[in-house]
Amino acid sequence: MVVTDHDALIAQQIPRLRRYARALTGDRAAADDLVQDTLERALSRFHLWRRGSDLRAWLFTIMHNIYVNQVRSLARHRNEALETEPDAEMPRGRDPDWLELRDLAGALARVPDEQRTVLLLVGLEQFTYDEAARILDIPIGTVMSRLSRGRERLRVLLGSETPVTSLKVVK
Amino acid sequence: MSGAPVTVADLHAYVDGLLPPSRAAEVEAYLAEHPEEAARVAAYRDQVQGLSREFNAVLDEPVPERLRGVTRRRPLARYAVVVGWIALGGVIGWQVHAYSTSRQAETASWARRAAVAHVVYSPEVRHPVEVGADQEAHLVAWLSKRLGTPLKVPGLGSLGYTLVGGRLLPGERGPVAQFMYQDGKGQRLTLYVRVNADESRETAFRFAQENSIGVFYWLDHKLGYALSGEIEKGELLRVANAIYKQLNP
């Protein structure tokens, strides 16, 4: 039965969708809600998946779209956290928050959403830059600059490094 | 070093293993001469490894039932069809025996909700209802309280259908009730009950159909009823009549 086939194909991807969602949201229940929404939307639109194309990338695309809509609806409340440059709010030296930030999950939560998304698609899920660009529907140059800013931000958060900007981002 | 100057993009691609070997060798040579950049690359590499260390455990967790359930809902194809059809505005496939006034359009939209509720819940194996027929008195009291008016659960035993139970659902204007019945072969019918905005109205049975799901719906003063099932139209009408008679003795 074709339906069973769809279900099994999609069900295989659940653990990886959960891993990504957990890292993205930092919260178990919120992550599983996101996965559930993703699965429901994917199943209702399964006819739109091009057989033979990468199912995992397709599912991540759906998840990303749902996540972006959720973030957008919350953006009013936390606008300031989305695109703040490190220097503006970075605790330095002996700030009591500082120790907590050394933990990776905590630091990740302080990276702006759009950078964290790229960090995770590339670093955790091992998508190529090209695949990440297609999932996020952005140019590959934007993937590179977000990756670059995200990793640098994370490095600063984790290691109290001064951002290094001696190299050009693109050739 | 014969290649192009090393860029930040090269450093990331090096960390991510996405450089061709010749270019990777050039980056390595560059890093050997630039300890500050080498430290940065090492930090990025630690991040990537850290992400796996931190989150790979999720892969080994048992998948929660609510997620496994999503890919097991039956019958899926029909569910997808109905959802798609709602999205399209629900025109195609419906033969609503009614005048096309806005009032009747509204009526059709709640009958459609009833059909969707039928499609969503009737295939459930483990959780078809919130309160089972074994607690019928509690079920009726609870749903009556939530709908704000006394409800009656029609008995359909003489037609071969026994009550499975019921649940509370969100309707267009407030809570609605769904009662589920099944026959000896597991064929299920659902009766969707809502509170009408206009208590004075009473209508004849109307019929709507999408693929295999038929819905008879009618307004009976305070309450509106929609009976959905995948049975032959004549039999569905027989059940609808029996319900109407029991509610209006």
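Computed from the coordinates by the stated procedures, all read-outs in this text should not be read as laboratory data. All values reported here derive from a predicted model rather than from experimental measurement. Glycine also receives a Cβ, built like all others from the backbone with ideal geometry; neighbour counts cover every protein chain displayed.
Mean per-residue shielding of peptide B:4-10 is 6, counting Cβ atoms of other chains within 10 Å of each Cβ. For the peptide A:149-158, the mean number of other protein chain Cβ atoms found within 10 angstrom of a residue's Cβ is 3. Rounded to the nearest Hz, the phi-derived 3J(HN,Hα) couplings of the stretch A:55-71 under the Karplus curve 6.51 cos²θ - 1.76 cosθ + 1.60 (θ = phi - 60°) are 4, 5, 5, 5, 5, 5, 4, 4, 4, 4, 4, 5, 4, 4, 5, 5, 5, where x marks glycine and proline. Phi angles across the stretch B:4-9 convert, under the Karplus curve 6.51 cos²θ - 1.76 cosθ + 1.60 with θ = phi - 60°, into 3J(HN,Hα) values of 5, x, 6, 10, 4, 4 Hz, Gly and Pro given as x.
Judged by the ratio a/c of the largest to the smallest principal axis of the C-alpha gyration tensor, the stretch B:139-206 counts as prolate, that ratio being 1.5 or greater while a/b is larger than b/c.
Oblate is the label for the stretch B:127-246, because the ratio a/c of its alpha-carbon gyration tensor axes (a ≥ b ≥ c) is 1.5 or higher and a/b is not greater than b/c.
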